[in-house]
Structures are given as structure tokens and as C-alpha cells.
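Right, one structure below, let's go through it.
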Amino acid sequence: MGNKLLFIGEFPPPYGGVTVKDSLLRDEIFSSCDAKNFDLYDFKRKPIALPVLAIALARAVRGADRIALGIGSNSRQSTMLSIIAKLRGREFLGNVTVFMMGRELADYLGENPGQVWKYQAARCIFAESRSLMADFETVGCRNSRYLPNFRKGDRARAPRAVGDTVHFVYFAQVRPEKGIDTLAAAARTLNSEGFADKFDIAVYGMVVDGFQNEFERLLSDVQNMTYKGTFDAATGDVCAELNMYDAAVSSSSWREGMSGSNIECKFAGTANIVSDAGFNPECVGNGVDGLIVKPRNVGSLVEAMRSVIEDRDLLARLKRNSYEDRVNYDVATWKREVLDVVCR
């Protein structure tokens, strides 16, 4: 068998976690291979060309020696595996590598056991969390390997020195489940304790439908919290933007995956204050490169924020360690391992 690789993914625009990862796989890892890319988003962008695209996809699958999948939807990914098995035979799935996006695939397989065989037959499932590998074992898939959410290292920014004012940043969807209301309450508490001139908070992110009025009320109650809008990661340098701040702060109760913003903070020399929800504790070490708080718990968040406001040496150490940890999430660190699996 030859080494012609077909990478079936989803590429920007739109610009989100899946397209960021797929673009890095395409440009930083598979660019050194005899690789062809197929963008599934073309089916949405060009609905009038659906028959032509379907034929092109079938031809690409038939002509490939190896296939890698970077698909955001579990159902679409499972359908693609079925298409590959239909066109090339079940045994060909041993030449297919799945790049898991987010954290839901193991749950999906638990709820849809009839789909498990396709993933068992795959060469490898790359999972963003080590705990997810245990979840895959539970549903009968013993072919997973760890591959963290990663970023390109050449945009990394060394941490700025901590000044007289601690600059916090909230970098997520603006919604209660992500902890924006908890953050506002924590800020009000700290202000009442006499810290109002010692810190500020910048808020980035899309305000979810139905929350705009409440969010504006929260902002009006906290004089040192400012809304910066939605950051355009497609055209802007997210590491340079986050580098202006000392610590990203959230107490999300969301079922977090391997958050891209947690990883980006490492490349920006910014500490992370995050909840213990989801996979946050797997990439943020409490007291090492960040602080772990209880989900949507005002007291826990106040304590963490107060600790770095009062102890600038602690904050500087967290920032430095966060920056040094970036190598573990640099796409260049993982390139050889990925190629050895996909193309062997």
C-alpha cells in the first residue's frame, strides 16, 4: 500500500475550535506528506454543487491509502466511517485515524453501541484528554492515544511583568453557565473589600441570546469590568491579545472539554484561574500554572482572585510556569508522533 493520505476535515471560515485544530493538522503536520484535503464545509457553502461534491469525496476516498478524519459532529464522523467502509470495505478502517474533537465521542458511543465497531476497527482515536482514554476503554475501544489540544508555537509571547494593577480577562461565551455572573459577583465583593483600584477585568466573547439585558446590568454594577466584544481569531493574534492580561478567569459549570483558551493562555504567558469542571484540571495545575476554583462559587473565585492581587510573586510564578508549559501543547512537539501513527 502507498502513502497517499486523505484528510477529511472542516476548515475556516467559520472559525472555531474544530477549524483551528484542522487547520493546524493540515498546515503544520500533514503538509509534509503526500496529502490531499477535503473540506466538508463545502457541502454547506455550495449546496447547489452537492452531487459534484459527493462524487469528488467518493473518488478521494477510493484513491486514498490512508485517511484521517477531523470532523466536529459525532454523527457526521460516524456516517463518514460508514461511507469509507462501504466504499473500501470494513478492513480498510484499519487505515483510518480519527481525531476526536471535544469530549462527547465516548458518550456518543455509549448511547449508540451499534456505532462502536467502526471506531474499534480504526487505526487510532486521538483523544484530547487522558481521562477520555479510560472512557473509550469502557465502551470497548482500546485504540485511543493521547493528543492534547494544541497551538502553533511561533506566536507565543513571554509573560509581561506584573504591574500595580492586576489585569484579569474573561475569554469565553458570555453566559451564566460559563460563570460570567459569578465573576461579576466576585468583582463586586473584591471592590467592597477595598481592592477596586488593584484590579480590572476585560470581557471578551459573544453574548448568548436572551442574556444581553442581564449582562448589561452586571456590567453597570462593576465599574472596573469592561466588555471588549467578540475577538476575531481569524484575523487577530489571540496570543498577543491575551498577553496583555495577567490571568484568565472563569468559574464555569459547563461540561468543559480541553478548552482552547486554556491552551492559548499558555502561549500568551497568562495564568489560568478556572473551575474544576470537565478537563480543566488536566491542563491547569493548581498552584503551579494557575488556580482551580469551584464551579460558579463566588467565595472560591474571590479567594483565588484575591490571592493573586495580594501576592504578585505568586502571580508572576503562575504566569511564568504557564508559559513554560506551552511546549506540551505545541503542535511541533506532537508532529512526529502523529505522522508515525497516521502514515505508518
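Observations
- Bridge type composition, the chain - antiparallel percent by DSSP, nearest 5: 0
- Mean residue ellipticity (222 nm) of the chain, computed from DSSP H runs ≥ 4 via -39,500 (n - 2.57), nearest 500: -11500 deg cm²/dmol
- Straight-line cross-link reach from Lys294 at under 27 Å between alpha-carbon atoms covers these lysines, not counting any fewer than eight positions away in the same chain: Lys178, Lys198, Lys228, Lys266, Lys319.
- Gaussian network model of the chain, Cα within-10 Å springs - most flexible of Pro295, Pro113, Pro159: Pro113
- Global geometry of the stretch 1-62, whether rounded, prolate or oblate, following the gyration tensor of its Cα atoms and the 1.5 cut on a/c: oblate
- Surface composition of the chain: carbon plus sulfur atoms contribute 48% of the solvent-accessible area (1.4 Å probe, protein chains only, all chains present).
- Positive dipole terminus of the chain, leading residue within Ser192, Pro295, Leu218 (C-beta point charges): Pro295
- Computed label-point distance, nm, for sites Asp313 and Lys198 using a 7 Å Cα→Cβ extension: 1.7
- If the segment from Tyr146 to Gln223 were pulled out straight at 0.36 nm per residue, it would be longer than the present Cα-Cα gap by 23.4 nm.
- In a simple Cβ point-charge model (Lys, Arg +1; Asp, Glu -1; nothing else charged), the chain has a dipole of about 1540 debye relative to its Cα centre.
- Database remark: amide H of Glu104 closer than 5 angstrom to no amide H (H placed geometrically; neighbours at sequence offset of 5 or more, or on other chains; Pro and chain starts carry no H).
- Between the residues Trp254, Leu314, Leu25, the greatest Cα displacement towards the positive end of the dipole of the chain, with unit charges on the Cβ of Lys, Arg, Asp and Glu, is found for Leu25.
- Accessible area per residue in Å² at 1.4 Å probe, computed on the chain: 43
- Computed across the stretch 92-241, the Kirkwood radius stands at 19.0 Å (inverse of mean 1/r, all Cα pairs).
- Ratio of Rg to Rh over the chain (Cα coordinates, Kirkwood Rh, two decimals): 1.01
- Full extension of the chain between Arg155 and Arg90 gives 19.2 nm of extra length, using 0.36 nm per residue less the Cα-Cα distance.
- Among Gly194, Gly140, Gly102: highest mean-square fluctuation, GNM of the chain, C-alpha pairs under 10 Å: Gly194
- For the stretch 1-134: rounded, prolate or oblate by the Cα gyration tensor [a/c cutoff 1.5]: rounded
- Spin-label model, Glu111 to Leu50: label points 7 Å out along the Cα-to-beta-carbon direction sit 2.5 nm apart.
The values are calculated or read from the model by the stated rules, or taken from the named source; none is laboratory data. In this text the structure is predicted, and so the values were computed from the model without any measurement. Counting neighbours? That spans all protein chains shown, and the Cβs are built from the backbone with ideal geometry, glycine included. Areas reflect the complete protein model, heavy atoms only, side chains present, ligands, DNA and RNA absent. Shrake-Rupley method; radii C 1.70, N 1.55, O 1.52, S 1.80 Å.
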